[in-house]
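Beneath this line is the structure, given in structure tokens, with notes to follow.
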Amino acid sequence: MQLAVTKRDIAKKPHSLRLEGVLPAVVYGRSEDSTPISINRKDFEKVFKVAGESQIITLTGLDGEKQALIHDVTVHPVSGATLHADFYAIEKGQKVTVSVPLEFDGVSPAVKDKGGILMKIMHELEIECEPKDLPQHILVDISKLVELDSQIHVSDLKLPASAKISAAPEEVVAMISVAQEEPVEEAAPADLSAIEISEDRGKKEEEGDAAAPAAEAKE
């Protein structure tokens, strides 16, 4: 995957470039000075949609082709428009460490036939490998989740031969959970002892009602 770039004149304001449909960016590496570059914004967005931050792309238009990773992308907090991008240049023979997204595929019998709930514990895995072996994603086959206590561990994933991972092999990637029915709480019987009844108050009210006609008759 290739992306055409040009060296950028830093005297020109980034805002002016964006108005022209140009994305300001920078490329740097372990032993390479930072170089301001500019890219056609639409071309960048097409490549970024496919490559993300885990695929090696080839930058053309500089002093020879450069293999690089899209290292960081700045977007507008409201509009979501792309404002700036960082590229990390990869040296020949250099291994890269990247968080690769996990892609869940298949149908779990435990979910389909037994009413289980699929729990995705991990969504990406950090790996170190040679650029040529870097996968776009790591496949997780959930058809292996057959029983309600089934789990998929890191050790079950298929990784490139040159890949090294920081996660422990026994870490859970996905598992089946069983829905728990919430117990229905029975309403507690009313505590009649907590209800205070005043006999005196009742008598006074009756006496008051009886006294009213007598007073009217006296008048």
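The values are calculated or read from the model by the stated rules, or taken from the named source; none is laboratory data. Keep in mind that what you see is a predicted model, and the values were worked out from it rather than measured. Every residue, glycine among them, receives a Cβ derived from its backbone with ideal geometry; neighbour counts consider all protein chains shown.
Considering (1) at pLDDT 95 or above; (2) in the same structural domain as Arg41 (by TED's automatic domain parsing); (3) among the β-branched types (Val, Ile, Thr), the lone condition that Ile70 does not fulfil carries the number (1). Taking residues in region 1-23 that are without any contact (Cβ under 8 Å) to a residue 40 or more places away in the chain and within 19 Å of Ile70 (Cα to Cα), and partners anywhere that are in a loop (DSSP other than H, G, I, E, B) and of a type in the set (D, E, K, R), the pairs with Cβ atoms closer than 9 Å and at least 6 places apart or on different chains are Val22/Arg8. Looking at Leu62, Leu118, just one residue is modelled with pLDDT under 90 and either more than 30 Å from Glu170 (Cα to Cα) or among the hydrophobic types (A, V, I, L, M, F, W, C) (or both), and that residue is Leu62. Taken over region 159-196, the residue count meeting the criterion of being modelled with pLDDT of 85 or more and acidic (Asp, Glu) is 2.
Residue by residue, here is whether (1) assigned to a helix (DSSP H, G or I); (2) touching a Lys or Arg at 6+ places or on another chain (Cβ under 8 Å) holds:
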| position | (1), (2) |
| --- | --- |
| Val111 | yes, no |
| Leu125 | no, no |
| Glu128 | no, yes |
| Asp149 | no, no |
| Ile152 | no, yes |
| Ser155 | yes, no |
| Ala167 | no, no |
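Here Tyr28 meets the list (1) in a strand (DSSP E or B); (2) modelled with pLDDT of 95 or more; (3) closer than 23 Å to Leu134 by Cα almost entirely, failing just condition (2).
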